[in-house]
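Single-structure report; data block below.
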Amino acid sequence: MLGSGFRANARCCEVAQTTDPACDRVRAVTTRGESTLADPDRPDYPDAPGPMPGAISRRHQRLTALVEVTLCSGYPTQLLLIAVLAVMGLAPMDESGTLSLSYIFLLSMTDTVLLLCLIFYFLRQHQEHPAEVFFGNRPHGPELRLGLVLTPVVIGLALGGVSLLQYLWPALRNVPENPFASLLSSPWRVAVFAVVAVVAGGVREELQRAFVLRRFECHLGGSAVGLVVFSLAFGLGHALQGWDAVVVTGLLGAVWGVVYLVRRSVVSTIVSHSGFNMIEICLAFTGVSTGAS
C-alpha cells in the first residue's frame, strides 16, 4: 500500500508539472521502487477490463491526501480533545463565566503537539523531508527579515479590514468584545497567553498551512484551490471572535499562504504571524482591536 502511494504521488506531481523538491524526491523514490518491485515473471493483461492501475493509484493518492488534509485541518483534533477534556471534567468557562486560561492553554498546546505529530508522521510515510517542505532552499536570515517587514503590513491590513467592515457591513460585528481579552487581566496571564499565541498560533498554524497547501498542490486541484479552501477554514476557526474576525482572519491567512507559496519557507510567515499575535495582545490593553488573533 505504501509503494502504491509513492507511485501515485510521483504521477500526480508529473501531471501538475511541479518542480517542487519534495515532489521530485518522491518521484525519484518511486522510480527506484518500481524498478525493484517489478516482477518479470508476472504476466501482463493489457486488454483486461476495468480501470487502469495508474488511475486507481491516482484516485487512492487523492483520497489519502484528502484524509490527511482533513485530519490536519485542526477541527478533528480539537473536537477530539474537547471531548476528552469534557470527560475529565474540564470546562472552557470558569466560575465567572469567562474563558478559562488553563483550559485554553491545555487545549491549544495539546492540539499543537497532536497536530504536528500527525503532520510529521504523514511526511515520513511519503518520504518527504520536513526541511524541504517547510524551509525550501532559502537561507533563514532574509526570511526572518521579510517576516519582520510583513508584520506591520498585516497589522495594517487587519485594522483597515475591520474598519472597512464596520463601515460597509456593521452587522458582521456580532461579538462586541473579543472574548480572549478577558484572559489578559494580569502580567502573568498575558505571558501565558503570549506563549499560546506564538506556539499554537504562529508556529503551528503556519506549519499546518504549508502542509495543507502542499497536499492541495500535488493532489487536490492545485495550490490556488488549497489557498481558498484553507483560508476559509482558517477564518471560520476564529468564529468565536465574531464574523468580522472570520473575514479578516481569512484574508490574513490568504496573505500568509501566498507568501509561503512564493517563498517556499515558513520562516517569514511564522515571524509575521507570531509578531501579529503579540502586537494584537498589546493592542488589547489599549482598547484597539484588529478583529483577529
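A residue that is touching a Pro at 6+ places or on another chain (Cβ under 7 Å), part of a helix (DSSP H, G or I) and farther than 30 Å from Leu283 by Cβ occurs somewhere in segment 112-127.
Put simply, of Ala233, Ala224, Ala239 the only residue that is farther than 17 Å from Ala131 by Cα, touching a helix residue (DSSP H, G or I) at 6+ places or on another chain (Cβ under 6 Å) and surrounded by fewer than 23 Cβ atoms within 10 Å (Cβ to Cβ) is Ala239. All of Ser163, Ser96 fail the test of being polar (S, T, N, Q), in a helix (DSSP H, G or I), more than 23 Å from Val199 (Cβ to Cβ) and without any contact (Cβ under 8 Å) to a residue 24 or more places away in the chain, apart from Ser163.
None of Leu81, Leu90, Leu107 is in a loop (DSSP other than H, G, I, E, B), touching a helix residue (DSSP H, G or I) at 6+ places or on another chain (Cβ under 7 Å) and either at pLDDT 90 or above or surrounded by 12 or more Cβ atoms within 10 Å (Cβ to Cβ) (or both) except Leu90. Looking only at residues in segment 271-292 that are outside any helix (DSSP H, G or I) and surrounded by fewer than 20 Cβ atoms within 10 Å (Cβ to Cβ), the one that is modelled with the lowest pLDDT is Val288. In segment 59-76, the count of residues that are within 17 Å of Ala233 (Cβ to Cβ), modelled with pLDDT of 90 or more and among the polar types (S, T, N, Q) is one or more. Picking from residues in segment 229-270 that are over 13 Å from the mean Cα position of the chain (by Cα) and outside any helix (DSSP H, G or I), the one that is nearest to Phe216 (Cα to Cα) is Arg264.
For Glu143, the test of being in contact (Cβ under 8 Å) with a residue 24 or more places away in the chain, part of a helix (DSSP H, G or I) and within 22 Å of the chain's Cα centre (by Cα) is passed.
The values are calculated or read from the model by the stated rules, or taken from the named source; none is laboratory data. Not measured: the values here are computed from a predicted model. No Cβ is skipped: glycine too gets one built from the backbone with ideal geometry, and neighbour counts run over all protein chains shown.
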